[in-house]
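The values are calculated or read from the model by the stated rules, or taken from the named source; none is laboratory data. A quick note: this is a predicted structure, and the numbers were derived from the prediction, not measured. Cβ: placed from backbone, ideal geometry, glycine included. Neighbour counts: every protein chain shown. The protein model used for the area step is the full one, side chains on, heavy atoms only, and it has no ligands, DNA or RNA in it. Shrake-Rupley method; radii C 1.70, N 1.55, O 1.52, S 1.80 Å.
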Amino acid sequence: MLTDIYEDLGIVYRLGFRGILNLSKTCRNLRKIENADHVWHNVCSDETLPLALPPNTPPSALPAKELQRLTNNAIRLDNNWRSPQPCLRGLHALPSEQGGWSLHDMDLLPGGSLMWTAHHRRAFAQQMRVSVWSLDDVAAPRRVWTADHPGFFRTFAFLQGAAQGDAATIFVAFQDNDNNEYVATYQVSLGADAPAVEAGGEAPAYSMRFCIHMNRLFDFTLIDKVVAYEDQMIVTCDAAGADGDWAVRMFAADLKSNRLRRIDERTIRPLGKFAHVRVWGGYLFLIATPKFKQLLIRVHRAPGARDSKGNSVQEYADFGPTLAKFKLRAPHVCGCEVSPIGVAASGSPEFTVMLSYLRRPCGASLCRILRFAFDTASKTLTLVSASPNKYDGQPSESPKYMAVGPMGRRAVVVDQGHVRNVTVDPRTGAVAMSAPPSVPTEMGGQSLEGINKLAFDEATGRVCAGQLGNTVSILDFA
């Protein structure tokens, strides 16, 4: 009988999210499927639809009722995201910074419930303000951490391990007014009950500060990105020597010993001028577009990685042998955005690369989305899917005008000042782009034009858009 299907778990596990929810509605006897923890744990481990799980929490740690709620939200978001013209479910804005501040950069932290912003102001000297915002109540965002400093903002990084609870480490890279490059670290607590703080007060004390570069004549080094993991940190820089030739330069730091070392330039010279760095499970992923003619990905052991006996397996001064490599010809590539590392159903790390190409001779841009997976057992890097053709998106050359999620299912681009949703078929890589979202009448008082900054969380479908005039709008599609 059909009601005996519950006993055949092999069939149930193949139904997926939508199948289980529909089957449980057919009769009372099958209703027990939707309340079975083991059914949801197995289905969630094989499902490719992104779930908005709490940070550092696998599906197996949640009960069936919570997974069912998250599944319903994910299906609702997926249906809306895929529509030809998605509808906004919520449209809100961060409180504006008063006193001559202008938005420089921003991003959403994993999970979409926290975001950071960086503002600049020039008074007697350059000043910067970095803030972390809680979006738990998106209708009333609150600032939960802030720091004002003299100097010029470079980049931001955030580290929160599974064992840290609400404790986290914030990394702020900046150039001081003497043109020296620094990375400062701060220990913070950003739980749901973190109190709101006022901007403009006394700057919090940093726990550590690394001087990446002292100002020298004919030797320019500008911090580009900071990546933090466990008790380690990697800093990438844009550097120019006396001959005026720019190249990527990297440093590795041990946060326990406060030790900073420069990576051997022979290791990273093939990467060209710029490189993205991602770290997962003791592996280091370097993604670059050398000379804007190809996509190059290399996998190494991460500095500070240790074996099962606790012994260091990688020295700082060199990334060591290349474990895996991928090359793709990409003539006229002008922009590269790399997602955070995600975890596939198989447990392997995966990430997505979004390339934009400059089309000749008209100067418009095209995009392509490629998803990769790394097998930690065989040490092989695989191109899982790729959009078959470069699709017309016309994003800016800046990666701040496009963003993609780690599972490669969703992306967003800015087209002529408007947000457009991108959907990717996980099997074929085929890409579909929506029209700009429709804004319900009750939200019509807020404009979505003039967007020049973008942040995106794939699982929650939350998009943050920085606009001309110092406005940060928060768009919810779930």
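Looking only at segment 241-253, how many residues end up being of a type outside the set (Gly, Ala, Ser) and either in contact with a Leu (Cβ under 8 Å, 6 or more places away or on another chain) or in a helix (DSSP H, G or I) (or both)?
Count: 2.
What are the residues in segment 326-344 that are open to solvent by 60 Å² or more (accessible area, probe 1.4 Å) and within 22 Å of the chain's Cα centre (by Cα), if any?
Pro340, Val343
Testing Glu97 on (1) open to solvent by less than 60 Å² (accessible area, probe 1.4 Å); (2) modelled with pLDDT of 70 or more; (3) more than 30 Å from Thr117 (Cβ to Cβ), one condition comes back false. Which one is that?
Evaluating Glu97 over (1) open to solvent by less than 60 Å² (accessible area, probe 1.4 Å); (2) modelled with pLDDT of 70 or more; (3) more than 30 Å from Thr117 (Cβ to Cβ) leaves (3) as the failure.
Is it the case that segment 265-286 has a residue that's open to solvent by 20 Å² or more (accessible area, probe 1.4 Å), assigned to a strand (DSSP E or B) and free of Cβ contacts under 8 Å to residues at least 60 places away in the same chain?
No.
Just name the residue that is modelled with the highest pLDDT out of those in segment 337-382 that are among the basic types (Lys, Arg) and in a strand (DSSP E or B).
If we take residues in segment 337-382 being among the basic types (Lys, Arg) and in a strand (DSSP E or B), then Arg371 is modelled with the highest pLDDT.
Search segment 345-354 for residues being in contact (Cβ under 8 Å) with a residue 40 or more places away in the chain and surrounded by fewer than 24 Cβ atoms within 10 Å (Cβ to Cβ), and hand back the single one that is farthest from Ala373 (Cα to Cα).
The extreme case among them is Ala345.
All but one of (1) closer than 14 Å to Trp116 by Cα; (2) more than 25 Å from the chain's Cα centre (by Cα); (3) of a type outside the set (Ser, Thr, Tyr); (4) modelled with pLDDT of 90 or more hold for Arg154; which doesn't?
Among (1) closer than 14 Å to Trp116 by Cα; (2) more than 25 Å from the chain's Cα centre (by Cα); (3) of a type outside the set (Ser, Thr, Tyr); (4) modelled with pLDDT of 90 or more, Arg154 violates only (2).
Quick one: what pairs do we get from segment 418-429, first residue touching a residue at least 60 places away in the same chain (Cβ under 8 Å), second assigned to a loop (DSSP other than H, G, I, E, B) and open to solvent by less than 10 Å² (accessible area, probe 1.4 Å), C-beta under 8 Å, 6+ apart or different chains?
Asn421/Pro86; Asn421/Ser434; Asn421/Phe477; Thr423/Ser434; Pro426/Gly408; Gly429/Ser387
Filter segment 79-116 down to the residues that are without any contact (Cβ under 8 Å) to a residue 40 or more places away in the chain and in a helix (DSSP H, G or I) and list them by number.
Answer for segment 79-116, where residues must be without any contact (Cβ under 8 Å) to a residue 40 or more places away in the chain and in a helix (DSSP H, G or I): just Asn79.
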